[in-house]
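Colleague: Mind looking over this structure? Questions follow.
The values are calculated or read from the model by the stated rules, or taken from the named source; none is laboratory data. As the structure is a prediction and not an experimental result, all values here were calculated from the model. Here the Cβ positions follow ideal geometry from the backbone for every residue, glycine too, while neighbour counts run over all protein chains shown.
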């Protein structure tokens, strides 16, 4: 297997792992913040050991950069907490599909972060994506759990868009693994007080699942994705990433028996189509 094929395989495996991570919102019987806390604790430990093993510099160049990383860690905590909350109160399909709208948020956030112009095609993509969300949500009533799940999924997508913008700003200065380590570690520190607030009764099975989620589905998946970018264009990786909700929905149907309705599938196809177009066009 040549280097390019190996990198392509790494990207596909990482996207598959990212897509399957949504299942843990249903499998782990803990509040969303506690799931995220366990995830970032084990992920940060794994990434720290990985950086030490590779003898990479962990310290940041400027004191101000630590404050910037704190903001990124805060956004990561919000993103994953709202993501798992969306899945817990609705379905894996709704959580993944509404989160997948984040590239549209990126389109409208980029002009503020990088002084880029919004064109008519971007507005059209946003409207089409909104149509897909309308189809995914059965009824717009706040008392409906599926509606609440879609709302939290949208918030998760928006916070991830902000996170992506800030990561892009520092991507050329620090390696992806270093940024990921600080994201996970700071998120763990910020979520630590909620451990004493919730005082969850953690079962051994939950701990095992959190270890797997943090190491395999976060640390390993992130490392594979970054490593795959060495020989694969970012555009190609972005297109492959559009399959993340597809993997999640199929696995939820097989393992959790969550069968999406025809309306959800139609809305999902519209959302993913718009996201795919936006990804290709932006590159």
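Colleague: Quick one: is residue 189 more than 24 Å from residue 30 (Cβ to Cβ) and either in a helix (DSSP H, G or I) or at pLDDT 80 or above (or both)?
Modeller: no
Colleague: Of everything in the stretch 196-214, what is over 10 Å from residue 29 (Cα atoms) and either within 18 Å of the chain's Cα centre (by Cα) or surrounded by 16 or more Cβ atoms within 10 Å (Cβ to Cβ) (or both)? Give them in sequence order. Explain how you work it out, then say what you get.
Modeller: Our first condition is that a residue be over 10 Å from residue 29 (Cα atoms); within the stretch 196-214, this holds for 196-199, 204, 207-214.
Selection gives 209, 210, 211, 212, 213, 214.
Colleague: Same structure again: What pairs can you find where one residue is in the stretch 109-123 and at pLDDT 70 or above, the other is surrounded by 10 or more Cβ atoms within 10 Å (Cβ to Cβ) and assigned to a loop (DSSP other than H, G, I, E, B), and their Cβ atoms are less than 6 Å apart, with a gap of 6+ or different chains?
Modeller: 110/116; 111/118
Colleague: Do any helices (runs of 4 or more DSSP H) entirely within the stretch 219-283 hold 1 or more residues that are over 17 Å from the mean Cα position of the chain (by Cα) and modelled with pLDDT under 80, and if so, which? Write out each step before concluding.
Modeller: Values: elements: 221-228, 234-241, 244-255, 262-282.
Passing ranges, in order: 221-228, 234-241, 262-282.
Colleague: Looking at the stretch 25-56, which of the residues that are farther than 27 Å from residue 91 by Cβ and not in a helix (DSSP H, G or I) is farthest from the chain's Cα centre (by Cα)?
Modeller: In this case the residue turns out to be 55.
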